[in-house]
Amino acid sequence: MGLSVKHLLGIKELNVQDIEQIFQTADNFKQVLQRPIKKVPTLRDTTIANVFFENSTRTRLSFELAEKRLGADTVNFSASGSSVSKGETLIDTVNNILAMKVDMIVMRHMASGAPWFLANHIDASIINAGDGTNEHPTQALLDAYSIREKLGSLKGKRITIVGDIMHSRVALSNIYCLNKLGAEVTVSGPPTLIPKHIAALGVRVEYNVKKALEWCDVANVLRIQLERQHKPLFSTLREYALYYGINKQMLDSLERDIIIMHPGPINRGVELNSDVADSRQSIILGQVENGVAIRMAVIYLLSGKREISE
């Protein structure tokens, strides 16, 4: 038992066997989460620090819940109101946390590459909860796991990723993960939000969203990340919604049903209309549920424990 890596820094570092082991372990934890007592004491002697230098709701809550379901002790740190605002460095902040005898760190940081930098300086295992516009590995794992749950396998399945590809760490991690598992990937959205050399990652580019949806089995729709855009990349949100937003009329015009996904939070009426987000084709809430099981699996496997305690 255990992964081939000490840290979960990105999907690029995982092999197919690692991903499959995470999925199989998550299957076991999903069964735990269906029980009246949704908890196992597997990590009762482990302390995990959630170190978030960037705002988060879903990811942070999902990790906290996963840790508590495993019986771990948790310490929560956020940059706002901390000594970081006084000029304390990343290394000093983390070393102070480690001095409190923390075994594992879950970290989100606004700088791409921060988890890799930290992994070269400390001994504790690190889980990347999102770094800049680079990677968000646990989101990609839960997305792929959710597709596997619905379709049985990812090999040969067609996945379209729609929206702000340029600023999305979710898109990059999904591309790496889906490629490793044998899926075909298309990215779609405004030309200004799709990196010029994205095809080098082995994906198709389709600027016409309707054509991209006609091609795919699954559409993973991304949020427009205005907070990362330092200059206007499209005229207005209304114009974006008109040309690239997905509504029920568009879905009904397709020859077959497709699965709709979204990593959250949703800008309703922009990338997705409510009648799509809440439709029977949507598995968005299923992604949230699977996120806890996947994060339990990752934490458990990195901890080096040999068995899941009942």
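The values are calculated or read from the model by the stated rules, or taken from the named source; none is laboratory data. Predicted model only: the values in this text are computed from it and were never measured. When we count neighbours, we look across all protein chains shown, and the Cβ atoms used for this are built from the backbone with ideal geometry, even at glycine.
Out of segment 105-114, which residues are touching a Ser or Thr at 6+ places or on another chain (Cβ under 8 Å) and crowded, with 19+ Cβ neighbours inside 10 Å? Even if it seems obvious, please write down each step before you answer.
Of segment 105-114, the ones touching a Ser or Thr at 6+ places or on another chain (Cβ under 8 Å) are 105, 108, 112.
Across segment 105-114, the qualifying residues are 105, 108.
Would you mention how many residues in segment 115-125 are surrounded by fewer than 23 Cβ atoms within 10 Å (Cβ to Cβ) and closer than 19 Å to residue 63 by Cα?
So the answer is 2.
Of the residues that sit in segment 1-53 and are among the charged types (D, E, K, R), surrounded by fewer than 18 Cβ atoms within 10 Å (Cβ to Cβ) and within 27 Å of residue 90 (Cβ to Cβ), which one is farthest from the chain's Cα centre (by Cα)?
The residue in question is 6.
Just to check your reading of the model, which residue among 146, 125, 62 is in the same structural domain as residue 265 (by TED's automatic domain parsing), under 23 Å from the mean Cα position of the chain (by Cα) and not hydrophobic (A, V, I, L, M, F, W, C)? If you could, list the steps in order and put the result at the bottom.
Details: 125 fails: in the same structural domain as residue 265 (by TED's automatic domain parsing); 62 fails: in the same structural domain as residue 265 (by TED's automatic domain parsing).
The match here is 146.
What number of residues within segment 216-225 satisfy the criterion of being crowded, with 18+ Cβ neighbours inside 10 Å and outside any strand (DSSP E or B)?
If we filter segment 216-225 for residues that are crowded, with 18+ Cβ neighbours inside 10 Å, which is where we start, we get 216-224.
From what's left, outside any strand (DSSP E or B): 216-217, 222-224.
The total comes to 5.
Looking at 284, 246, which one is free of Cβ contacts under 8 Å to residues at least 60 places away in the same chain and either closer than 30 Å to residue 40 by Cβ or not assigned by TED's automatic domain parsing to the domain that holds residue 57 (or both)? Write out each step before concluding.
On the way: 246 fails: free of Cβ contacts under 8 Å to residues at least 60 places away in the same chain.
Just a single option satisfies the conditions, and that option is 284.
Would a scan of segment 36-58 turn up a residue that is touching a His at 6+ places or on another chain (Cβ under 7 Å), part of a loop (DSSP other than H, G, I, E, B) and not hydroxyl-bearing (Ser, Thr, Tyr)? I'd like the intermediate steps shown before the answer.
The first filter runs over segment 36-58 and keeps only residues touching a His at 6+ places or on another chain (Cβ under 7 Å), leaving 53-54.
Now narrow it down to the ones that are part of a loop (DSSP other than H, G, I, E, B): 53-54.
If we keep only those that are not hydroxyl-bearing (Ser, Thr, Tyr) too, we end up with 53-54.
Looking through segment 36-58, at least one residue is touching a His at 6+ places or on another chain (Cβ under 7 Å), part of a loop (DSSP other than H, G, I, E, B) and not hydroxyl-bearing (Ser, Thr, Tyr).
Given the condition in contact (Cβ under 8 Å) with a residue 60 or more places away in the chain, farther than 20 Å from residue 213 by Cα and of a type in the set (Asp, Glu), answer yes or no: does some residue in segment 158-179 qualify?
No: segment 158-179 contains no residue that is in contact (Cβ under 8 Å) with a residue 60 or more places away in the chain, farther than 20 Å from residue 213 by Cα and of a type in the set (Asp, Glu).
State the number of residues belonging to segment 115-135 that are touching a Ser or Thr at 6+ places or on another chain (Cβ under 9 Å) and over 19 Å from residue 15 (Cβ atoms).
Total meeting the criteria: 6.
Filter segment 124-146 for residues that are in contact with an Asp or Glu (Cβ under 7 Å, 6 or more places away or on another chain) and modelled with pLDDT under 95 and give the result.
Of everything in segment 124-146, just one residue is in contact with an Asp or Glu (Cβ under 7 Å, 6 or more places away or on another chain) and modelled with pLDDT under 95, namely 124.
Would you kindly identify the helices (runs of 4 or more DSSP H) lying entirely within segment 241-310 that contain at least 1 residues that are surrounded by 23 or more Cβ atoms within 10 Å (Cβ to Cβ)?
Qualifying helices (runs of 4 or more DSSP H): 274-277, 284-303.
Can you spot a residue in segment 17-40 that is of a type in the set (Ser, Thr, Tyr) and within 17 Å of residue 140 (Cα to Cα)? Show your work before the answer.
First, the residues of segment 17-40 that are of a type in the set (Ser, Thr, Tyr): 25.
With the extra rule that they be within 17 Å of residue 140 (Cα to Cα), the set shrinks to 25.
Looking through segment 17-40, at least one residue is of a type in the set (Ser, Thr, Tyr) and within 17 Å of residue 140 (Cα to Cα).
Is there any pair with a first residue in segment 35-59 that is at negative phi and not assigned by TED's automatic domain parsing to the domain that holds residue 72 and a second that is modelled with pLDDT under 95 and β-branched (Val, Ile, Thr) whose Cβ atoms are under 7 Å apart and which are 6 or more apart or on different chains, and what are they?
none
Name the pairs whose Cβ atoms lie under 7 Å apart, with the first residue in segment 255-267 and polar (S, T, N, Q), the second modelled with pLDDT under 95, and 6 or more positions between them or separate chains?
267/223; 267/224
Consider only pairs whose beta carbons are under 7 Å apart and that are at least six residues apart or on different chains; among these, list those whose first residue lies in segment 115-126 and is among the aromatic types (Phe, Trp, Tyr) and whose second residue is crowded, with 16+ Cβ neighbours inside 10 Å.
Hits for this filter: 116/9.
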